[in-house]
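Structure, as structure tokens:
Please treat every number below as a calculation from the coordinates, not as lab data. For clarity, every value in this text was computed on a predicted model and none was experimentally measured. Cβ coordinates were reconstructed from backbone atoms using ideal geometry, including for glycine residues, and neighbour counts include every protein chain displayed.
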Amino acid sequence: MTLPEWTPLRKPRRLGLWAPFILVLIGAVVWSMDWFWLRGEIERRMEAARTHVTGSGWTLDWRARRISGFPFRLDVDLDEPRAREPSGWGLAAPRLKAESFVFSPTHWIIVAPDGVTVGRRRGGPLIVTAKALRASVSDAAASPPRISVEGLGLTFNTPPGAPPYFLRSAAEFHLHTKAGPDDQGAIYIELDGAAPRMEGLVGRIANGRSASLIADAIYSKAHAFSGASWEASARSWSAAGGVMTLRHLHVTAGSAEIDSRVGALGIGKDGRVAGRVDLSLRQAPRTLDAMSAQGALAPETARAAATVAGALQQGAIARMPLSFQAGRTTLGPLSLGPAPRIY
């Protein structure tokens, strides 16, 4: 009996052994090229933004810029960045650190490790320091963009010679904005554990205790709130018929309390607030007395308002409508003075 002829095995092809390594190398090269392209795109867009606003009344600048984070992150470190819009609002910081991931370059986390200086239209700059001060920004093309700002352990100061800010410190601050359906925008503001200055109106009302604020609202015609400045944006939104619907407002200052879950506000042609908010007031006489002592209300107006609040009070709560009409502010049947001016 003869055995079948044996065919020798072929040597394994080396290409099969090297193929995974070659693919990994190609992927690494492509990923690296993508990271450096994104870095160049960030530099290009930042320079284009700085050039675009020059001469338009805006200020946008920084002393130094560094971009790092290879291979998975995009880290942008700015020294002494500053931005200011024509109507007077601005923001500056000793340092800003921004970070995004390569696979999600439209979502940025921003940290101000040394605090920020807020430029205000009135009252001068406000210096804000905090244990933690950070923001998250995404959906930049939406109206409004999705923004979240968080501050923990905040302190507020003004430069020598400037009027003091009405708050000394706050335990927490939160701000959130996002776009909604039907061209709506949403905004939420929360301030907790705030310590007012005793010489200010809020300090007189709080009487040495803390203050807090919660404001939750949605507004229509969100796309119309845009322009070269805050004033231009407000005018555009007002002209489009934008209305802000108050879903919840809660303010406390010591034992005094203001609460509202009903209200619709807009901006009149004179640039002042227009609309109505239904308020529930706790310790209304103390609040009105403090406003009179601070000069925010004439003494006779404060006394009349306290009388009306007492007549409408049920237990410790007085329910009264706060109206802004024809440029005037009215609490119940009493005119308190001009309506707040937006622009």
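Compute the length gained on full extension between V149 and R82: take 0.36 nm times their separation in residues and subtract their Cα-Cα distance, giving the result in nm to one decimal.
Full-extension gain reported as 22.3 nm.
How far apart, in nm, are two points set 7 Å out from the Cα along the Cα-to-Cβ line at R197 and at R319?
3.8
Where does the chain land at 222 nm, in deg cm²/dmol rounded to the nearest 500, when only DSSP H runs of n ≥ 4 count, each adding -39500 (n - 2.57), divided by all residues?
For the chain, the value works out to -8000 deg cm²/dmol.
Return the sequence-ordered ³J(HN,Hα) values of region 185-197 in whole Hz as given by the Karplus equation 6.51 cos²θ - 1.76 cosθ + 1.60 applied to θ = phi - 60°, using x for Gly and Pro.
x, 10, 9, 9, 10, 9, 10, 10, x, 7, 10, x, 6
Would you pull out the residues with amide H under 5 Å of T158's amide H, same chain only if 5 or more places away, H placed 1.01 Å from N?
I127, Y165
Once the Cα atoms of region 62-201 are picked out, what are the Rg and Dmax in Å?
Radius of gyration, then largest Cα-Cα span, for region 62-201: 16.6, 53 Å.
Can you pull the one-decimal nm distance between simple spin-label points at S104 and F36, each 7 Å off the Cα toward Cβ?
Distance between label points: 2.8 nm.
Return the long-range amide H neighbours of V262 (sequence gap of 5 or more, or a different chain), with a cut-off of under 5 Å between placed amide H atoms.
D278
Using the alpha-carbon atoms, what tilt in degrees (0 to 90, nearest 10) does helix 299-312 show relative to the longest principal axis of the chain?
For helix 299-312, the angle is close to 80 degrees.
Spelling out what I want: for every residue of region 138-150, take phi, set θ = phi - 60°, compute 6.51 cos²θ - 1.76 cosθ + 1.60 (Karplus), and round to whole Hz; glycine and proline get x.
Along region 138-150, the couplings run 8, 6, 4, 7, 6, 10, x, x, 7, 10, 10, 10, 9 Hz.
What ³J(HN,Hα) values, in whole Hz, does the Karplus curve 6.51 cos²θ - 1.76 cosθ + 1.60 give for region 249-258 when θ = phi - 60°, with x put for Gly and Pro?
9, 9, 10, 10, 9, x, 8, 6, 8, 10
With a cut-off of 8 Å between alpha carbons and a minimum separation of six or more residues, what is the relative contact order of the chain in percent?
Taking the mean separation of contacting Cα pairs over the length of the chain, I get 8 percent.
Dipole of region 38-182, Cα-centred, from +1 at each Lys and Arg C-beta and -1 at each Asp and Glu C-beta, to the nearest 20 debye?
In total the dipole reaches around 280 debye.
Using 7 Å Cα-to-Cβ label points, what is the I189/L23 separation (nm, one decimal)?
5.5
For semi-axes √(5λ) of the Cα gyration tensor in Å, which listed value, [x] 33, 28, 15; [y] 37, 32, 17; [z] 55, 23, 21, comes from the coordinates shown?
Among [x] 33, 28, 15; [y] 37, 32, 17; [z] 55, 23, 21, the one calculated here is [z].
Could you calculate the FRET efficiency of D75 with A232 from 1/(1 + (r/R0)^6), where r is the beta carbon distance between them and R0 is 51 Å, rounded to 0.05?
0.90
What is the calculated FRET efficiency for A171 to I127, with r their C-beta to C-beta distance and R₀ = 22 Å, to the nearest 0.05?
0.75
Can you give me the long-range amide H partners of R272? Hydrogens built in the peptide plane at 1.01 Å from N, cutoff under 5 Å, separation of 5 or more residues or another chain.
Placed amide hydrogens put I342 under 5 Å from R272.
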